[in-house]
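Each remark here refers to the structure printed beneath this line.
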Amino acid sequence: MVEARLRVIYGDTDQMGVVYHANYFRYFELSRIEYLHSRGGSYRELERDGLMLPIVEATAAYKSPARYEDVLLIRPRVSEVKRVSLAFTYEVFREGGPDTPLCTGRTVHACVNREGKPSRLPDAIVRLLQATP
């Protein structure tokens, strides 16, 4: 299982002292990067090959607030791989807290070339995404 870990900084919180809702999407991105690195890949390499994975859909469900200085564990998982798209799901936990997520989410990514045209996911990337770390 891949897990990204981060400590909530003050700038990530809102006036109520909880993590601002949009910051969870940054946390999801961090965990996607860790997911690829854990398998020996990177977004940089993908872009060097002329491909990009823009988000075409994003959702989050907020269950319980995270607060300043909480240590969060973000667990990404590839939930779907198609010819020209893929999806990740996420669970965010508080380190040392109960094993119930504070937030869950999903992002769907299209595979496009430099001109923004849909492009088939290379077999090597599909294998990398589905590999066991």
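We did not get these values from a lab; they are worked out from the coordinates using the rules stated. Only a predicted model underlies this, so the values are computations on that prediction, with no experimental measurement involved. Cβ placement follows ideal geometry from the backbone for every residue including glycine, while neighbour counts extend to all protein chains displayed.
For this structure, a couple of remarks:
- A cut-off of 5 Å between modelled amide H atoms, ignoring neighbours fewer than 5 places along the same chain, links Asp70 with Val8.
- Considering only Leu36, Phe93, Leu73, and ranking their Cα positions along the charge dipole of the chain that arises from unit charges at the beta-carbon of Lys, Arg, Asp and Glu, the one farthest toward the positive end is Leu36.
- Residues of the chain were split at every exposed loop site, defined as GluC sites (Glu not before Pro) in a DSSP loop with at most 12 other C-beta atoms within 10 angstrom, and the longest piece left, sites excluded, is 1-68.
- In order along region 22-30, the Karplus-derived 3J(HN,Hα) couplings, from 6.51 cos²θ - 1.76 cosθ + 1.60 at θ = phi - 60°, round to 5, 5, 4, 5, 5, 5, 4, 4, 4 Hz, and Gly and Pro are given as x.
- Here the Karplus curve 6.51 cos²θ - 1.76 cosθ + 1.60, taken at θ = phi - 60°, turns the phi angles of region 108-116 into couplings of 10, 10, 8, 9, 10, 8, 4, 7, x Hz, with x standing for Gly and Pro.
- Cα-centre dipole for the chain with unit charges at Cβ (Lys and Arg positive, Asp and Glu negative), debye to 20: 380 debye
- Estimated FRET transfer efficiency (Lys63, Arg127; beta-carbon r; R0 30 Å; 0.05): 0.35
- Most mobile listed residue (Ala22, Ala87, Ala110) in the chain, GNM with C-alpha springs under 10 Å: Ala22
- In sequence order, region 94-99 has phi-based couplings of 8, 4, x, x, x, 7 Hz under the Karplus curve 6.51 cos²θ - 1.76 cosθ + 1.60, θ = phi - 60°, and Gly or Pro positions carry x.
- Taking trypsin sites (Lys or Arg not before Pro) across region 19-124, the ones in a DSSP loop with at most 14 further Cβ atoms lying within 10 angstrom of their Cβ are Lys63, Lys82, Arg83, Arg114, Arg120.
- Dimensionless Rg/Rh of region 5-89 - Kirkwood Rh, Rg from C-alpha atoms: 1.01
- With distances taken between every two different alpha-carbon atoms, region 27-133 has a Kirkwood hydrodynamic radius of 14.7 Å.
- Our summary gives region 1-119 a relative contact order of 30 percent, counting only alpha carbon pairs under 8 angstrom and 6 or more residues apart.
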